[in-house]
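Below is one structure; the comments refer to it alone.
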Amino acid sequence: MPASPGLHHVTAICSDAQRSRDFYERVLGLRLVKRTVNFDDPGTWHLYFGDETGGPGSVLTFFERPTAEPGKPGAGQAVALSLAIPKGAAHGWVRRLTEEDVFVAIAPGADDAVTFHDPDGLALELIEQDWAETLPGYVTAFIGEEQAIRGLAVVTLLVDDCDATASVLEEALGWRECARASHGGFLRLRFAAPGEAGPGRLIDVLKAPEAPPAEEGAGSIHHIAFRAKDDAAQAAIGETLRKAGLKPTEQRDRTYFRSIYAREPSGVLFEVATDGPGFLVDEALESLGASLRLPEKLEAHREKIEAALPPLT
Ligand code: ZN
């Protein structure tokens, strides 16, 4: 049976690319691995952040929509992101974020999780994970190896029909329920990707039948992308999605990966992205993210596109 070995990336909407760059790159220490435009709306930024190479499971991407109203979290959406940090790193992060005037909270019942929001209100969490220190950290002028974020830990989906979402995760993507808890009238199911613990391997599905539908805007998560090893693995997952009643799109070339998209039954937009070719396809490792990269079909319009984009330094 086809299976996705984990999440590839998560894409959110920001209202100010410069402000988001400062937050994710300087404050959180992720690497800007690609600056390009939204291929479906080339007058707007699409920024990719990740580990040193932007490996699958480490990547957070942002569409800039300068006029977007703040989004309202609700059913049918990914509503929170947890990023993995090494054991013992949480206290240092509380200090760093507080010094940067980011309001932080310690998650109740767990002294190793730091919760906060990005500048557009996206709910974020840093959680200590046993596996984190086994991976190299991206070291910056402000963040050392012992503190560096090691990719996605958990993505939380808010849905009105848990069973329908669970069946897509299990039947079409090959993930397995590994925990469930109910608190305050909510049911939370945790799903794990097949294989060893590592980045992008966990999804929490929170059942909230009373929650209003999400309203997409600044600070909203636009979609979550699952990994497929290659085109053949992606096609196989596409077929099981179709059998599960979803309507996956044709494959689209995103230069750094190739993608199909389908909305799961509660409305969350799922993407399945190939691991390759990756972010080194058009830039050297040392200059990742340094300049505006455009797909071939947009290269002819570079001047016009550069003139339309808000400045990003
Ligand atoms: Zn995507």
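The values are calculated or read from the model by the stated rules, or taken from the named source; none is laboratory data. Quantities reported herein were computed from a predicted structural model and do not represent experimental measurements. Quick reminder, even Gly has a Cβ in these numbers, built from the backbone with ideal geometry, and neighbours come from all protein chains shown.
Say we look at the range 49-80 and pick out the residues that are within 14 Å of residue 224 (Cα to Cα) and of a type in the set (A, V, I, L, M); which of these is surrounded by the most Cβ atoms within 10 Å (Cβ to Cβ)?
Our first condition is that a residue be within 14 Å of residue 224 (Cα to Cα); within the range 49-80, this holds for 56-63, 76-80.
Narrowing further to those that are of a type in the set (A, V, I, L, M): 59-60, 78-80.
Details: 59: 29, 60: 26, 78: 27, 79: 24, 80: 20.
If we take residues in the range 49-80 being within 14 Å of residue 224 (Cα to Cα) and of a type in the set (A, V, I, L, M), then 59 is surrounded by the most Cβ atoms within 10 Å (Cβ to Cβ).
Any chance you could count how many residues in the range 73-89 are over 20 Å from residue 144 (Cα atoms) and in contact with a Ser or Thr (Cβ under 8 Å, 6 or more places away or on another chain)? Reasoning before the result, please.
Let us first name the residues in the range 73-89 that are over 20 Å from residue 144 (Cα atoms), namely 73-81.
Restricting the remaining residues to those that are in contact with a Ser or Thr (Cβ under 8 Å, 6 or more places away or on another chain) gives 73, 75-81.
Result for the range 73-89: 8.
Any idea how many residues of the range 1-32 are in contact with a strand residue (DSSP E or B) (Cβ under 9 Å, 6 or more places away or on another chain), aliphatic (A, V, I, L, M) and either without any contact (Cβ under 8 Å) to a residue 24 or more places away in the chain or closer than 17 Å to residue 141 by Cα (or both)?
3
Among the listed residues 195, 200, 174, 185, identify the single one that is surrounded by 24 or more Cβ atoms within 10 Å (Cβ to Cβ) and at positive phi. Walk me through how you get there before you give the answer.
Working: 195 fails: surrounded by 24 or more Cβ atoms within 10 Å (Cβ to Cβ); 174 fails: surrounded by 24 or more Cβ atoms within 10 Å (Cβ to Cβ); 185 fails: surrounded by 24 or more Cβ atoms within 10 Å (Cβ to Cβ).
The match here is 200.
Give the residue, chosen from 9, 46, that is surrounded by fewer than 22 Cβ atoms within 10 Å (Cβ to Cβ), under 18 Å from the mean Cα position of the chain (by Cα), within 14 Å of the ligand (Cβ to nearest atom) and at pLDDT 95 or above. First the steps, then the outcome.
Details: 9 fails: surrounded by fewer than 22 Cβ atoms within 10 Å (Cβ to Cβ).
The unique qualifying residue is 46.
I'd like the full set of residues that are away from the ligand (no atom under 16 Å from the Cβ) and of a type outside the set (S, T, N, Q), limited to the range 12-23.
Within the range 12-23, 16, 17, 19, 21, 22, 23 qualify.
Determine, yes or no, whether residue 239 is more than 22 Å from the chain's Cα centre (by Cα) and either within 13 Å of the ligand (Cβ to nearest atom) or outside any loop (DSSP other than H, G, I, E, B) (or both). It would help to see each step written out before you state the result.
On the way: more than 22 Å from the chain's Cα centre (by Cα): yes; either within 13 Å of the ligand (Cβ to nearest atom) or outside any loop (DSSP other than H, G, I, E, B) (or both): yes.
Taking the combined requirement at face value, the residue satisfies it.
Quick one: would you say residue 115 is hydroxyl-bearing (Ser, Thr, Tyr), over 22 Å from residue 17 (Cβ atoms) and not in a loop (DSSP other than H, G, I, E, B)? It would help to see each step written out before you state the result.
Working: hydroxyl-bearing (Ser, Thr, Tyr): yes; over 22 Å from residue 17 (Cβ atoms): yes; not in a loop (DSSP other than H, G, I, E, B): yes.
Yes, satisfied.
What are the residue pairs meeting all of these: first residue in the range 211-235, first residue more than 16 Å from residue 169 (Cα to Cα) and within 16 Å of the ligand (Cβ to nearest atom), second residue in a loop (DSSP other than H, G, I, E, B) and acidic (Asp, Glu), Cβ atoms under 9 Å, and 6 or more apart or on different chains?
Short answer, once both residue conditions are applied: 220/120; 222/216.
For (1) buried (at least 18 other Cβ atoms within 10 Å of the Cβ); (2) of a type in the set (S, T, N, Q); (3) touching a residue at least 12 places away in the same chain (Cβ under 8 Å), each residue gets a yes or a no:
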| position | (1), (2), (3) |
| --- | --- |
| 260 | yes, no, yes |
| 263 | no, no, yes |
| 267 | yes, no, yes |
| 280 | no, no, yes |
| 304 | no, no, no |
